Amino acid sequence: MRSAPENSGRCLPPCSACGRETELFQLPGSKERDCFECSADVATTILLAAEIDAASKSGEDTGGLRAEGLQIGTRHLARAQSQ
Ligand SMILES: [Zn+2]
């Protein structure tokens, strides 16, 4: 019979996105707690999504905004996978 290893000495919960144990922030309206960088990426992504939505409704080109969103998403993912 084995018991689960205890995480003694770990007082910080890991970031829900990248798993780093650091100071976490909770965005308004989000249940997840992320580190500063992930929170910033998530906040920017939300803003970009709103901008893309507004731009496409008014018939503007959203290519630049989409490229920016993709870049942030890729960076966010890379950080999550670097753990
Ligand atoms: Zn993080």
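None of the figures in this text is laboratory data; all of them are computed from the coordinates on show. It should be emphasised that the depicted structure is a prediction, and the values quoted were computed from it without experimental measurement. Every residue, glycine among them, receives a Cβ derived from its backbone with ideal geometry; neighbour counts consider all protein chains shown.
Quick one: net charge around ILE52, please, counting Lys, Arg +1 and Asp, Glu -1 for every other residue with C-beta under 15 Å from its C-beta. Can you show the working numbers first?
Details: positive: LYS57, ARG66; negative: GLU51, ASP53, GLU60, ASP61, GLU68.
Local net charge: -3.
Taking the chain as the reference, fit the longest principal axis to its C-alpha atoms, fit the long axis of helix 63-81 to the helix C-alpha atoms, and give the angle between the two in degrees, 0 to 90, nearest 10.
It works out to around 10 degrees.
Using the alpha-carbon atoms, what tilt in degrees (0 to 90, nearest 10) does helix 36-57 show relative to the longest principal axis of the chain?
Roughly 20 degrees between the two axes.
Give me SER39, SER30 sorted ascending by neighbouring Cβ count inside 10 Å, so fewest comes first.
SER30, SER39
Select from ALA49, GLY64, SER39 the residue farthest towards the positive end of the dipole of the stretch 36-81; place +1 on Cβ of Lys and Arg, -1 on Cβ of Asp and Glu, and compute about the Cα centre.
SER39
Over the chain, what relative contact order in percent results from Cα pairs under 8 Å that are six or more residues apart?
Answer for the chain is 25 percent.
Summing -39500 (n - 2.57) over the DSSP H runs of n ≥ 4 in the chain and dividing by its residue number, what mean residue ellipticity at 222 nm do you reach, to the nearest 500 deg cm²/dmol?
-17000 deg cm²/dmol
Using the 10 angstrom Cβ neighbour count as an exposure proxy, how do ASP41, ASP34, ASP61, ASP53 rank, fewest first?
In order of increasing Cβ crowding within 10 Å: ASP61, ASP53, ASP41, ASP34.
Using the scaling law 2.2 N^0.38 Å as the reference, what is the normalised Cα Rg of the stretch 36-81?
Taking the Cα Rg and dividing by 2.2 N^0.38 Å, one obtains 1.22.
Let me see the pair-distance distribution of the chain: every alpha carbon pair, 10 Å bin width, integer percents in order.
The calculated distribution, bin by bin, is 16, 36, 26, 13, 5, 2, 0.
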